[in-house]
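Below you'll find the structure, written out as structure tokens, and then a few comments.
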Amino acid sequence: DGGITQSPKYLFRKEGQNVTLSCEQNLNHDAMYWYRQDPGQGLRLIYYSQIVNDFQKGDIAEGYSVSREKKESFPLTVTSAQKNPTAFYLCASNRQGANTGELFFGEGSRLTVL
Amino acid sequence: QQQVKQSPQSLIVQKGGISIINCAYENTAFDYFPWYQQFPGKGPALLIAIRPDVSEKKEGRFTISFNKSAKQFSLHIMDSQPGDSATYFCAASIAGGFKTIFGAGTRLFVKA
């Protein structure tokens with residue numbers, strides 16, 4: 001079955017550590033996105049990528065980094081520069097030709113900073 | 001201009017009742033308005049969507065009503081069931097753009 005796989009589902013991090021969240025899709029979608037979800041704030045865009053080796057900052061990119069070396073993969077690194085990293089992180093994709101808002105989401109990764 | 005305002009923040013409905021969630025937007029360039037359903041610990045899933053050239057779209061028990069002049073749209077869940085208990089997000093996007101703007105979400109609880 002096609003879909004988006006995010007790992008790990010739960011992650012604990014000590015302050016000052018970088019962590020990387022994995023996102024893999026087998027939908028053959030070109031566009032991939034990372035969103036952050038906090039209670040009562042909806043989903044906020046961190047980074048997006050339309051094609052391999054290209055990505056753009058979203059609304060809250062500070063303290064995060066991404067790479068897009070393969071079409072299927074779009075990992076997100078939460079760096080120590082992110083001041084409040086505890087959140088639910090969602091990876092999404094979108095097929096070429098579809099409406100921008102027609103997103104397929106993974107099941108998310110919950111990051112907790114200890 | 002880029003915001004989508006969603007209300008109410010939470011909603012409790014009796015089984016069999018109608019759940020209504022409202023959203024408002026400012027940017028008239030938005031041309032696609034999806035609704036997403038999210039269960040606890042899961043990612044959101046596209047539920048139903050509408051374009052501004054129609055005033056209503058119905059899929060099963062779920063209906064979107066769209067008022068272009070008022071820049072408002074709403075989700076109606078008819079015959080609400082306990083299995084509908086979830087968080088619902090409205091959203092808006094622009095064709096050819098790269099961003100989808102989400103509302104803050106509504107937590108729906110359907111009492112059995």
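The values are calculated or read from the model by the stated rules, or taken from the named source; none is laboratory data. Computed from a predicted model, the values in this text were never measured in an experiment. As a convention, Cβ positions derive from the backbone with ideal geometry for all residues, glycine included, and neighbour counts pool all protein chains shown. Each accessible area value is taken on the protein alone, full model and side chains, heavy atoms only, with ligands, DNA and RNA left out. Shrake-Rupley method; radii C 1.70, N 1.55, O 1.52, S 1.80 Å.
Data table
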| item | result |
| --- | --- |
| Set of lysines with alpha-carbon distance to A:Lys70 below 24 Å, sequence-local pairs under 8 removed | A:Lys9, A:Lys57, B:Lys99 |
| Probe 1.4 Å, accessible area per residue of region A:1-103, Å² | 49 Å² |
| Relative contact order %, chain B, counting alpha carbon pairs below 8 Å whose residues are six or more apart | 37 percent |
| For chain A, built as a Gaussian network whose Cα springs stay under 10 Å, the top-fluctuating residue of A:Thr20, A:Thr86, A:Thr100 | A:Thr100 |
| In Å², nearest 10: area of B:His76 left accessible to a 1.4 Å probe | 50 Å² |
| Anchor A:Lys83: aspartates and glutamates whose Cα lies under 15 Å away (excluding residues fewer than 8 positions away in-chain) | A:Glu15, A:Asp38, A:Glu62 |
| 10 Å Cβ neighbours from other chains, averaged over peptide A:32-38 | 2 |
| Residue order for A:Ser22, B:Ser7 - accessible surface, 1.4 angstrom probe, largest first | B:Ser7, A:Ser22 |
| Probe 1.4 Å - accessible area at A:Lys71, Å² to nearest ten | 60 Å² |
| A:Ile51 accessible area, 1.4 Å probe, all protein chains in place, Å² to nearest 10 | 100 Å² |
| Order of exposure, largest accessible area first, which applies to B:Phe89, A:Phe104 with probe 1.4 Å | A:Phe104, B:Phe89 |
| Whole-Hz ³J(HN,Hα) from phi, Karplus 6.51 cos²θ - 1.76 cosθ + 1.60, for region A:37-44, glycine and proline x | 10, 10, x, x, 10, x, 10, 10 |
| Placed amide H near B:Asp31: partners under 5 Å, 5+ positions off or other chain | B:Ser93, B:Ile94, B:Ala95 |
| Over region B:1-84: Kirkwood hydrodynamic radius from C-alpha pairwise inverse distances, Å | 13.6 Å |
| Under-5 Å amide H pairs with A:Val113, H placed in peptide plane, nonlocal only | A:Arg13, A:Thr86 |
| Accessible carbon and sulfur surface of chain A relative to its total accessible area, %, 1.4 Å | 45 percent |
| Estimated Rh, region A:1-86: Kirkwood, alpha-carbon pairs, angstrom | 13.5 Å |
| Partners for B:Lys68 among aspartates and glutamates (Cα-Cα distance below 16 Å; same-chain residues under 8 apart left out) | B:Glu26, B:Asp31, B:Asp53, B:Glu56 |
| Length-normalised contact order of region A:21-114 in % [C-alpha pairs under 8 Å, at least 6 apart] | 30 percent |
| Accessible surface ranking that places the most exposed of A:Asp38, B:Asp79 first, with a 1.4 angstrom probe | B:Asp79, A:Asp38 |
| Accessible surface of chain B [probe 1.4 Å, protein heavy atoms]: carbon and sulfur percent | 52 percent |
